[in-house]
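Working notes, structure below.
The values are calculated or read from the model by the stated rules, or taken from the named source; none is laboratory data. Since the model is a prediction, treat every value here as computed from it, not as a measurement. In this analysis, Cβ positions are derived from the backbone assuming ideal geometry, glycine residues included, and neighbour counts consider all displayed protein chains. Surface accessibility is based on the protein's heavy atoms, side chains included, excluding ligands, DNA and RNA. Shrake-Rupley method; radii C 1.70, N 1.55, O 1.52, S 1.80 Å.
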Amino acid sequence: MCGIVGYIGEEQAAPILLKGLEKLEYRGYDSAGVALYNGGHLQVAKAKGRLKVLSELIEGGQKTPGTLGIGHTRWATHGAPSDINSHPQVSDSGKFAVVHNGIIENYLPLKEHLIRRGVNFVSETDTEVVAQLLEYYYKGDVLDAVIQVLRHVEGSYALGVICQDYPDQLVAVRKDSPLIVGVGSGENYIASDVPAILERTRDIYRLNDQEIAVLCRGSVSFYNMDKEPVQKELCHVDWDVSAAEKGGYEHFMAKEIMEQPKVLRDTISPRLHNGRVVLDSVSLTREDLEKLRSIYIVACGSAYHVGVIAKYVLEKVVRIPVEVDIASEFRYMDPMVDEGTLVLVISQSGETADTLAALREAKRRGARTLSIVNVVGSSIANESDDVLYTWAGPEIAVATTKAYSAQLAVIYLLTIYMGDLLGTVGQEQYAAYVKDLMRLPDLVEEILQHKENVQYLASLFFNVKDVFFIGRNLDYAMSLEGSLKLKEISYIHSDAYAAGELKHGTISLVEDGTLVVALATQKALFEKMMSNVKEVKARGAVVLGLTTEGNKSIEQTADHVMYVPEICDIMLPSLAVVPLQLFAYYVSSMKGCDIDKPRNLAKSVTVE
Ligand code: F6R
């Protein structure tokens, strides 16, 4: 999704902006641009395509002097990717330049209104309306103009604004789209995400909705929509800079897959004390849990797949009915949630627009909300009653791996915690679960040590056209993730099916040479899965099985097998996902795809 960087200080701004934008490339974009205050006027440079096209155009920033500027990477929504539609967008006379993430939903009537008053528009973007409105309402005070504009626009936005009359001021504001303010010495920054400015500062303010930041070289002030000053708390980011670098790996995805043992340790260990699960940030009491009639889980994409696993696990262990919904469906389906419902929201970024809207809808209906989020201080984290953070560090590759694993680990912690409070998990079982949780990081490490086996299997199949992932129960939930991982980064068509459903239609697609990845880690359903494997083999499928080390008999049925170590059934997804991630990664690499930035995808989907 689009990226924003802004700088005001003593150094030349353009190289700093380019460097910051580079760090946001992972979010996905199709064009880029910068605007600089340069000797009494605003100088703008924009280019469709990769950042390096822009960088070459302005010779790494040398052709755009100035110590105040804003930069943007655009992921097209309104108007095709083009030089003109790229940001910054500029007002008619060139007085204002604006970068924007999000969508101005009522831009058309606003645009028509301005056109009737003689304003010339050059782009197809919704953002240009903001630049034009700023000039329209400007009476000499940028802050006043910004407030006026905000009163008229509807939708979501993170905005960075500079004005030709103000060489010493950068104004920023957000609503439903993330934006942070970085504080340096004699210099300040804005950015849509921390990695953009991490090399320059670790002291940040997170803007809340409709808080306006006015950045000067030596100060930052905040205002509300009534132009009253707002006091904010400075946060210190303790991420390691190297966490946002590739660290010798060819791709961020490879690095993030390999980081999973550490991520699991970081997420699990601090929550285990003397063999007990301690979730300080969860305020749900036993009485609260006893009053719950149902749990709804809402999320998107891979986070939704974690939700599907959580449904099986929570219902099995905690015995409360769980419904899992895709956030974009939940928000419009008149969901049956109220005070008797716990809504569990799962999101790596904490900014996914549909998930955030679903959370708000749940709160509006009186539900108790608990979120599982990676980015500290993100909107979803801020707005939930309780938050459980996945301490996975920054995830840069668009396809999630380590955050997914951390989310699963949190689901297990929460399940054990709730099962204990409700008395559905006996002490012996409790101790066994805790022991297995503690083994997870080492077992994942063990699987990663044999990654070459998966690489070999990928070399056999990287040319296939269609893949079906099948499984039952938790293996079905895993199939969803295995299939998504493969298709999103390798562009191979793949689908996931509950193995028992095959006969109800899908099996007609299986023909000679079709690759079927059969997940059979769940002991109780192993034989049933073998029957399904035989069914597809009888129709000519080539079967790649995935099971636990004890199930060697699978070799009599499947053509190739990936093994994972034994652990309790509910935690097997944490192990099974690793070969599936590796398989997708190697296939994509062998096909020469852009692994970290697959086409058409963005890391953080902050528009609906
Ligand atoms: C797939 C992937 C996406 C995200 C989804 C939700 O690899 O990463 O499907 O899981 O866009 O994003 P978050 O978790 O940030 O809400």
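Structure data summary
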{"item": "Qualifying residue in the range 482-494 (condition: under 34 Å from the mean Cα position of the chain (by Cα), open to solvent by 10 Å² or more (accessible area, probe 1.4 Å) and away from the ligand (no atom under 16 Å from the Cβ))", "result": "yes"}
{"item": "Single match in Gly340, Gly301 (criterion: touching a strand residue (DSSP E or B) at 6+ places or on another chain (Cβ under 8 Å) and not acidic (Asp, Glu))", "result": "Gly340"}
{"item": "Given (1) surrounded by 14 or more Cβ atoms within 10 Å (Cβ to Cβ); (2) touching a strand residue (DSSP E or B) at 6+ places or on another chain (Cβ under 9 Å), index of the condition Ser283 fails", "result": "(1)"}
{"item": "Count of the range 560-599 residues which are in contact (Cβ under 8 Å) with a residue 40 or more places away in the chain, part of a loop (DSSP other than H, G, I, E, B) and over 26 Å from Tyr412 (Cβ atoms)", "result": "7"}
{"item": "Residues (in a helix (DSSP H, G or I) and aliphatic (A, V, I, L, M)) located in the range 440-470", "result": "Leu440, Leu443, Val444, Ile447, Leu448, Val454, Leu457, Ala458, Leu460"}
{"item": "Lone qualifier among Asp475, Asp466 - being acidic (Asp, Glu) and surrounded by 22 or more Cβ atoms within 10 Å (Cβ to Cβ)", "result": "Asp475"}
{"item": "Residue within the range 452-462 that is buried (at least 20 other Cβ atoms within 10 Å of the Cβ), of a type in the set (A, V, I, L, M, F, W, C) and in contact with a Gly (Cβ under 9 Å, 6 or more places away or on another chain) present", "result": "no"}
{"item": "Selection from the range 151-185 of residues that are open to solvent by 10 Å² or more (accessible area, probe 1.4 Å), more than 21 Å from the chain's Cα centre (by Cα) and in contact (Cβ under 8 Å) with a residue 24 or more places away in the chain", "result": "Arg151, His152, Val153, Glu154, Gln164, Asp165, Tyr166, Pro167, Asp168, Gln169, Val183, Gly184"}
{"item": "The range 57-92, subset among the hydroxyl-bearing types (Ser, Thr, Tyr) and either closer than 19 Å to Gln169 by Cα or not in a loop (DSSP other than H, G, I, E, B) (or both), residue most open to solvent (accessible area, probe 1.4 Å)", "result": "Thr67"}
{"item": "Residues that are more than 19 Å from Ser574 (Cα to Cα) and either small (Gly, Ala, Ser) or assigned to a loop (DSSP other than H, G, I, E, B) (or both), drawn from the range 378-396", "result": "Ser378, Ser379, Ala381, Ser384, Asp385, Pro394, Ile396"}
{"item": "Within the range 296-319, tally of residues that are over 16 Å from Leu356 (Cβ atoms), within 11 Å of the ligand (Cβ to nearest atom) and crowded, with 24+ Cβ neighbours inside 10 Å", "result": "2"}
{"item": "Pick from the range 423-439, criterion aliphatic (A, V, I, L, M) and part of a helix (DSSP H, G or I), ranking: most open to solvent (accessible area, probe 1.4 Å)", "result": "Met438"}
{"item": "Test: residue in the range 395-408 that is more than 28 Å from Ser588 (Cα to Cα) and either free of Cβ contacts under 8 Å to residues at least 24 places away in the same chain or within 11 Å of the ligand (Cβ to nearest atom) (or both)", "result": "no"}
{"item": "Leading residue by the ranking (nearest to the ligand (Cβ to nearest atom)) among those in the range 320-334 that are open to solvent by 40 Å² or more (accessible area, probe 1.4 Å) and touching a Phe, Trp or Tyr at 6+ places or on another chain (Cβ under 9 Å)", "result": "Ile326"}
{"item": "Residue selected from the range 495-519 under the condition farther than 16 Å from Lys537 by Cβ and acidic (Asp, Glu), by the criterion farthest from the ligand (Cβ to nearest atom)", "result": "Glu501"}
{"item": "Residue check, Ser531 small (Gly, Ala, Ser), at pLDDT below 95, in a helix (DSSP H, G or I) and open to solvent by 10 Å² or more (accessible area, probe 1.4 Å)", "result": "no"}
{"item": "Selection status of Val308, in contact (Cβ under 8 Å) with a residue 12 or more places away in the chain and not in a strand (DSSP E or B)", "result": "yes"}
{"item": "Condition check for Val375: within 11 Å of the ligand (Cβ to nearest atom), of a type in the set (A, V, I, L, M) and assigned to a strand (DSSP E or B)", "result": "no"}
{"item": "Residue ID - most open to solvent (accessible area, probe 1.4 Å), chosen from residues in the range 440-451 that are of a type outside the set (A, V, I, L, M) and closer than 18 Å to Val561 by Cα", "result": "Gln449"}
{"item": "Residue in the range 226-235 that is over 28 Å from the mean Cα position of the chain (by Cα) and under 24 Å from Glu22 (Cβ atoms) present", "result": "no"}
{"item": "Hey, Arg206 closer than 27 Å to Asp238 by Cα, out of contact with any helix residue (DSSP H, G or I) (no Cβ under 7 Å at 6 or more places or on another chain) and open to solvent by 10 Å² or more (accessible area, probe 1.4 Å) or not", "result": "yes"}
{"item": "Matching residues in the range 335-368 - criterion: being part of a strand (DSSP E or B), more than 15 Å from the ligand (Cβ to nearest atom) and open to solvent by less than 10 Å² (accessible area, probe 1.4 Å)", "result": "Thr341, Leu342"}
{"item": "Those residues of the range 160-179 which are touching a His at 6+ places or on another chain (Cβ under 9 Å) and either among the aliphatic types (A, V, I, L, M) or farther than 14 Å from Glu135 by Cα (or both), in sequence order", "result": "Gly160, Ser177"}
{"item": "Number of the exception - Glu481 against (1) free of Cβ contacts under 8 Å to residues at least 24 places away in the same chain; (2) touching a His at 6+ places or on another chain (Cβ under 8 Å)", "result": "(1)"}
{"item": "Subset of the range 538-559 (residues that are in a helix (DSSP H, G or I), of a type in the set (Gly, Ala, Ser) and under 17 Å from Gln522 (Cβ atoms))", "result": "Ser553"}
{"item": "Of all residues making up the range 103-118, the number that are in a strand (DSSP E or B) and open to solvent by 10 Å² or more (accessible area, probe 1.4 Å)", "result": "1"}
{"item": "Long-range neighbours under 6 Å by Cβ, at least six apart or interchain, first residue in contact (Cβ under 8 Å) with a residue 40 or more places away in the chain within the range 63-91, second open to solvent by less than 40 Å² (accessible area, probe 1.4 Å) and aromatic (Phe, Trp, Tyr)", "result": "Gly69/Tyr7; Thr73/Tyr29; Arg74/Tyr29; Trp75/Tyr29"}
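A quick yes/no check of all residues on (1) open to solvent by less than 10 Å² (accessible area, probe 1.4 Å); (2) at pLDDT 95 or above:
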residue: Thr521; (1), (2): yes, yes
residue: Ile554; (1), (2): yes, yes
residue: His560; (1), (2): no, yes
residue: Lys591; (1), (2): no, yes
residue: Glu608; (1), (2): no, no
